[in-house]
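Asker: What follows is a single structure, and I will ask about it in a moment.
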Amino acid sequence: MTFLDTRTRAAPRGIGQALKRREDPRLLTGQGRFSDDFNLPGQAHACFVRSPYPHARIRAIDPAPALSVPGVLAVLTGGDAAADGLADIPHRPIPTNPNEFPLGGREGAPIFVAPYPPLPVDRARFVGEAVAMVIAERAAVAVDGAERVHVDYEPLPSVIATRDAVREGAPVVWDELGANACVDSIAGDARAADAAFAAAAHVVRLDTWVPRITGVPMEPRAALGVYHGASGRYTLYAGSGGSVRLKSDLAVVLGVPEAAVRVIAQDVGGNYGTRNGSYPEHALVVWAARRLGRPVKWAGDRREMFLSDYQARDLVSSMELALDAAGNFLALRGTNTSNVGAHAVTFVPLNKGRELATSVYRLPAAAVRGRAVHSNTSPLSAYRSAGRPQVMFVMERLIDLAARRHGFDRVALRRRNLVPPGAMPYTNPFGIVYDSGDYPAAQDRVLALADWAGFEARRREARGRGRYRGIGLANYIEIATGAPRERAHVTAHPDGWIEVVIGTLSAGQGHETAFAQLIAEWLGVEPERVRLVAGDTDRVAVGGGSHSGRSMRLGGVVMAKAADRLVDRGRRIAAWLLEAAVADLEFSERRFAVRGTDRAVDLFEVAAAAARPDAPEALRGPLDGECDETVSTPSFPYGSAVCEVEVDPETGVVEIVRYTSVDDVGRAINPMIVHGQTHGGIAQGVGEALWELCDYDPASGQLRSATFMDYPMPRADMLPSFATEISEVESTSNPLGLRGGGEGGTTPALGAVVNAVVDALAPLGVEHLEMPVTPERVWRAIRSAAAR
C-alpha cells in the first residue's frame, strides 16, 4: 500500500528503519522528568489514610491526634470533599465503539456503573481505599500524621473471589445494585451454538480462572496540584495514559469548565493500562491546593501501588468447544465472568475478550455470556491487551485438550481451522470484521523458527538428564480501537526544526523516535530536526492518549494528513517566492522545485518567507498543517508464539529454554522498537503465566502479595533470549496499513507457556494446570499423577 504517493519511499532516516531511540540517552542518564520530579516552591506534602478493611462503614473520622503533630496543616475527609461539591470520578466504563459488540445489564436492566467518589463518605470497599488525606509541611510529617488519624470503622461482610461474588447470598458490594453482577449479556447466536453442540462428535470443556495481577510500572504514581487564585485555574502535574482525558475528568470532579484545568506530564515511567483511568489522588491534590492556598504534592510508595493501583485480568471462564469427527471446529459456548473490583473503571476487558473469543479460527457458531461482578478488591483496569490474553489462553487450551483427548495432531488441528487469507475480510460469529491477514503463514513461520520438527529429539535428550521437556503453540488476534479522536499539529520553523504537537502520550514506547521517522519520511528532514510536544493540555487540546495500540495507528494517520496540509501551504508560498504556478511545483527531499527546472527553495526558507511582512496576507503566518479526525474502524494485529520449557520433577521449577514469536503489525515504522515492545510483552505474559498473582486472602480481604517479597516479577535471569520476527501484511483499516504492535508479545504468552508445561507433564497424565504455574503447583501435579 502506498500513502502520500510523492513522498512514500525508502529512506535511511524514515519508515522501516531500525533507528536507535533518541530518548534513551536522556532517560538512561537521569535526565528524564517523571511525576515525582515536579516540585514547586512552598509545596506541602500529602499522605493518605487507607482502609485496612475490605468492606467497612465509616462511622467517624477524628483528625485531632494528627492535627496535634507539629507541621501537619490539614486533615481532609470525604465529608469535606462532599461539602465542597467534589463529584464522582467519571470513568465511563461502557465501550462505545460502533464496530464492537454492545454490552448489556443484568437481566436486561441498564448497566449499573458504581459511583467512585475521590474520598468515600459512608463506606470503604477495598483494602487500600483512601478514606482521608493528611497534608503537612514535609512528606515524613504527613506520614506521621496519617498514622494518628483515628477512623471508627464498622467492619461489614465482604466478598473477594470472582466465583464467590455470583453465589446466592454473597455479601453485596453496592446496595443500590442489590447483587454483585452489573453486566450480564450474551454475544453470538445461542440457538445455533446449541444445535452445533448437539450434532458434535467431540466436545471439550475447560473451567478455569485467569488470576488477578497488577501492572507494577517502574514509576510509582505521584501528583502535584496547584490552584491559581487570581485566574481560578487548576494545574496538575502527573503522568497518565493521556493528559487530555485526565483534564476532562478533573473538570467534572471539580465542577469547573475544562478551560480552568491544565494537566502537565513529560515522562511516564510505564503504564500498560494501569494509568489510563483517573485516580482519586489526581483530584484530591488540586482540591487540597485550593483549600490550603499552596501547592500540594503526593508521591505514593510501592506498597500503596500494590494496594490501590488498578489491577487486571481476574476472569473466570467456563467454555466448551465442539468438533466434528474430522476435527473441524463447529461451535464455542460458555460464560466469562470478569471481577471488576469495587468500582467500575472499565468493562473493556470483558467485552473485547468476549468478541474475540473464537480467535483466528473459523467457527460457524458461538455464544458467550459475559458477566461483570463487583467485589471488595481494587478496581480492574484495561491492562496490556485488555481481555484478549484470557480468551486466547482458553481457546488454545481447549484446542490442546481436544487434540490430546481425541487423537488429533496439535499443529494440524489448528491449521485445519485457521481462517484462510482468501476469506478476508472475515466476520467472526460475534459480528466482528477482521480486516486482513495471513494466519496460516504466521503459524507456519513460527513453527519453522522454533524448530518444532526437531523437538522430539530435544525431549529425549532432556529425559536423559532427568528433565521433562515440553513445547506449546498459541495463536492470537488483537483488536486495536481505543479513543477514536486524535489531533496533530505540525509546524516547520524558520530556524530549521519541525514541531509536532499530538495528543498521545508515551509511557516508554519510543514516540520521540518513531514519530520523528514518519515526519522525516514525509518532509525529507533528518529525524533530529523533529521535536515532539505531548502531555501539556495548554498545548495539546485534543487527543486520546496511549492505549489499545492507537498511538502510532491513529497518530500516524493524523500526522500524515497534517504534514500533507503543511506541504500544500508551503507549495503556495514557494510559488509566490519562485514566481511560478502552484500546479508546477513539486515537493521532495525538503525542497519545493519548479517541475523540469533547477529552480527550487528549501522547506525552511519557505517557513521564513511566510513570516516576512511582505508575504501575501493570505499566506502570511506559520508554515503549518493540522488534522483532527475521529476514526472508529479497528485494526487486528495477530500472530503466533511457541514456548519450550523444561521441568525439574524434584522441585517443580519450570525453566523456559526457548521462546519464539511472529507478530503481524501491518507495517513496522521502526522494527527495533517493535521487537523491543514484543520482548517486553513476552516478559509480561510469561510473568503472568508462571509467577505473578494479586493474592487476596478470601477471609480477611487483605492483599498478601503487597510487596516485591511476595509478588514475583520476571527478571532477566529467569528468561531466555527471545527469537522474534515481524510480519507485515498491511491492514486495510487505515491508509498507512498499520495494525499496532505493542501488545502482541503478551497476548499469546499464557496459552503458549501453559501448553508447553502441560505438554512436558503429559506423559505423567497431567492434562491441565492453573495459573500461575508455580513450582509448588507443578510439584503437586507431578505427585498427584504419580499417586494415580
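The values are calculated or read from the model by the stated rules, or taken from the named source; none is laboratory data. Just so it is clear, the structure is predicted and the values come from calculations on it, not from any experiment. Neighbour counts are summed over all protein chains in view; Cβ atoms, including those assigned to glycine, are modelled from backbone coordinates with ideal geometry. Note: areas computed on protein heavy atoms with side chains; ligands, DNA, RNA excluded. Shrake-Rupley method; radii C 1.70, N 1.55, O 1.52, S 1.80 Å.
Asker: Taking N as the number of residues in the range 71-140, what value does Rg over Cα atoms divided by 2.2 N^0.38 Å take?
Answerer: Details: Rg = 17.6 Å, N = 70, 2.2 N^0.38 = 11.1 Å.
This ratio for the range 71-140 stands at 1.59.
Asker: Oh, and also: What are the ³J(HN,Hα) couplings of the range 276-289, residue after residue, when phi is run through the Karplus curve with 6.51, -1.76, 1.60 and θ = phi - 60°? Round to Hz, x for glycine and proline.
Answerer: Couplings: 6, x, 6, 10, x, 4, 4, 6, 5, 5, 6, 5, 5, 4 Hz.
Asker: I would also like to ask the following. Hey, can you grab everything whose amide H is under 5 Å from the amide H of residue 74? Only 5+ residues off in sequence or another chain; H modelled, so Pro and N-termini drop out.
Answerer: Amide H neighbours of residue 74, under 5 Å, 5+ apart: 135.
Asker: A further question follows. To the nearest 10 square angstrom, how much accessible area does residue 134 have with a 1.4 angstrom probe?
Answerer: Solvent-accessible area, nearest 10 Å²: 0 Å².
Asker: Heavy atoms of the protein only, probe of 1.4 Å, neighbouring chains included. What is the accessible area of residue 590 in Å², nearest 10?
Answerer: Rounded to the nearest 10, the figure is 50 Å².
Asker: Here's something else I'd like to know. If Lys and Arg each add +1 and Asp and Glu each add -1, what is the summed charge of the other residues whose beta carbon sits under 10 Å from the beta carbon of residue 436? Don't skip to the answer; put the middle values down first.
Answerer: Values: positive: 739; negative: 435, 438, 664, 730.
Here the count lands on -3.
Asker: At 222 nm, what value in deg cm²/dmol follows for the chain if DSSP H runs of at least 4 each add -39500 (n - 2.57) and the sum is divided by all its residues, to the nearest 500?
Answerer: On the way: 20 runs with 222 residues, N = 788.
Computed ellipticity for the chain at 222 nm equals -8500 deg cm²/dmol.
Asker: Now for a different question. If the convex hull of the alpha-carbon atoms of the range 132-202 is projected onto planes in all directions, what is the mean projected area in square nanometres? Please list the in-between numbers first.
Answerer: Numbers: hull surface 41.5 nm².
Convex hull of Cα atoms, orientation-averaged projection: 10.4 nm².
Asker: Rounded, prolate or oblate: which fits the range 411-497 when a ≥ b ≥ c are the square roots of the eigenvalues of the alpha-carbon gyration tensor, with rounded for a/c under 1.5 and prolate only if a/b beats b/c?
Answerer: Working: a/c = 3.31, a/b = 1.75, b/c = 1.89.
It is oblate, given that a/c is not under 1.5 and a/b is not larger than b/c.
Asker: Along its three principal axes, how long is the range 165-215 when you only count alpha carbons? Whole Å, largest extent first please.
Answerer: 45, 28, 23
Asker: Further, regarding this structure: What's the Kirkwood radius of the range 683-777 in Å, using all Cα pairs? Each step should come with its number before you reach the end.
Answerer: Values: mean 1/r = 0.0619 Å⁻¹.
For the range 683-777, the Kirkwood estimate is 16.2 Å.
Asker: Follow-up. Give, as a single signed number, the net charge of other residues whose beta carbon lies under 11 Å from the beta carbon of residue 497, with Lys and Arg counted +1 and Asp and Glu -1. Please report the intermediate quantities before stating the final value.
Answerer: Working: positive: 529, 531; negative: 495, 499, 526, 528.
Here the count lands on -2.
Asker: Please report, to two decimal places, log10 I(q)/I(0) for the range 205-363 at q = 0.15 Å⁻¹ as given by the Debye formula with identical point scatterers on the Cα atoms and no solvent.
Answerer: Debye intensities relative to I(0), on a log10 scale: -0.85.
Asker: Can you give me the P(r) profile for the range 12-150? Cα pairs, bins 10 angstrom wide beginning at 0, each as a whole percent.
Answerer: Spelled out bin by bin, the range 12-150 gives 10, 24, 24, 19, 16, 7, 1 percent.
Asker: Against the 2.2 N^0.38 Å scaling, with N counting residues, where does the range 630-788 land? I'd like the Cα-based Rg ratio to two decimal places.
Answerer: On the way: Rg = 18.4 Å, N = 159, 2.2 N^0.38 = 15.1 Å.
In units of the 2.2 N^0.38 Å rule of thumb, it is 1.22.
Asker: Here's a follow-up. Which shape class applies to the chain: rounded if a/c is under 1.5, otherwise prolate when a/b exceeds b/c and oblate if not, where a ≥ b ≥ c are the square roots of the Cα gyration tensor eigenvalues?
Answerer: Working: a/c = 1.83, a/b = 1.11, b/c = 1.66.
Cα axes put the chain in the oblate bin.
Asker: Considering the alpha-carbon set of the range 111-262 alone, what are its Rg and its Dmax in angstrom?
Answerer: For the range 111-262, the Cα-based Rg and Dmax read 22.9, 76 Å.
Asker: Here is a further query. Assuming a ≥ b ≥ c are the square roots of the Cα gyration tensor eigenvalues, decide whether the range 591-704 counts as rounded (a/c under 1.5), prolate (otherwise, with a/b larger than b/c) or oblate. Before the final figure, lay out the partial values.
Answerer: Numbers: a/c = 4.25, a/b = 2.54, b/c = 1.67.
Cα axes put the range 591-704 in the prolate bin.
Asker: Take the cross-link list 20/297; 20/561; 247/561; 247/352 and give me the ones stretching past 29 Å between alpha-carbons. The partial results should precede the final answer.
Answerer: Values: 20/297 35 Å; 20/561 26 Å; 247/561 26 Å; 247/352 26 Å.
Listed pairs above 29 Å: 20/297.
Asker: When the solvent-accessible surface of protein heavy atoms is calculated with a 1.4 angstrom probe, in what order do 725, 355 fall, highest first?
Answerer: On the way: 725 60, 355 0 Å².
Most to least solvent-accessible, the answer reads 725, 355.
Asker: What figure, in Å² to the nearest 10, do you get for the accessible area of residue 247 with a 1.4 Å probe and non-protein molecules left out?
Answerer: 30
Asker: Accessible area per residue of the range 434-548 at 1.4 Å probe, in Å²?
Answerer: Numbers: 3580 Å² over 115 residues.
Per residue, the range 434-548 has 31 Å² of solvent-accessible surface.
Asker: Express in whole angstrom the spacing between the alpha-carbon centres of the range 528-586 and the range 321-378.
Answerer: 41
Asker: Nearest 5 is fine: what % of DSSP beta bridges in the chain come out antiparallel, could you say? Please report the intermediate quantities before stating the final value.
Answerer: Working: 103 of 130 bridges.
Within the chain, antiparallel bridges account for around 80 percent of the total.
Asker: State the Cα centre-to-centre distance between the range 645-720 and the range 723-788 in whole Å.
Answerer: A separation of 10 Å, based on Cα centres.
Asker: How many percent of all Cα-Cα pairs in the range 482-544 sit more than 20 Å apart? Mind dumping the intermediate values first?
Answerer: On the way: 489 of 1953 pairs.
Looking at the range 482-544, the distances longer than 20 Å represent 25 percent of pairs.
Asker: Continuing with this model, one more query. Give me Rg over Rh for the range 165-253, both radii from the alpha carbons and Rh done the Kirkwood way, two decimal places. Working shown, then result.
Answerer: Numbers: Rg = 23.7 Å, Rh = 19.7 Å.
Rounded to two decimals, Rg/Rh equals 1.20.
Asker: Just by accessible area at a 1.4 angstrom probe, what is the order of 40, 505 from largest to smallest? Intermediate values should be presented prior to the final figure.
Answerer: Values: 40 55, 505 5 Å².
If we order 40, 505 from most to least accessible, we get 40, 505.
Asker: For the range 603-650, with equal point scatterers placed on the C-alpha atoms only and solvent neglected, what are the log10 I(q)/I(0) values from the Debye formula at q = 0.23, 0.26 1/Å, to two decimals?
Answerer: -0.90, -1.00
Asker: Which three extents, in angstrom, do the Cα atoms of the range 363-442 have along their principal axes, listed largest first?
Answerer: 45, 33, 24
Asker: Please state the relative contact order of the chain as a whole percent: Cα pairs under 8 Å, 6+ residues apart? Mind showing how you got there, number by number?
Answerer: Working: 1999 pairs, mean separation 126.0, N = 788.
It comes to 16 percent, rounded to a whole number.
Asker: Evaluate 2.2 N^0.38 Å with N set to the residue count of the range 462-513, then give the Cα radius of gyration divided by it. Kindly include the intermediate steps, with their values, before the conclusion.
Answerer: On the way: Rg = 23.4 Å, N = 52, 2.2 N^0.38 = 9.9 Å.
Normalised Rg, Cα atoms only: 2.36.
Asker: Residues with amide H under 5 Å of residue 181's amide H, sequence separation 5 or more or different chain, H placed in the peptide plane at 1.01 Å from N; which?
Answerer: Under 5 Å from the amide H of residue 181: 374.
Asker: From the C-alpha coordinates alone, can you work out the Kirkwood hydrodynamic radius of the range 324-414, in Å? Kindly include the intermediate steps, with their values, before the conclusion.
Answerer: Values: mean 1/r = 0.0695 Å⁻¹.
By the Kirkwood definition, the hydrodynamic radius is 14.4 Å.
Asker: May I pose another question? For residue 696, which sequence-distant residues (separation of 5 or more, or a different chain) have an amide H within less than 5 Å of its own amide H, given hydrogens modelled in the peptide plane?
Answerer: Under 5 Å from the amide H of residue 696: 704.
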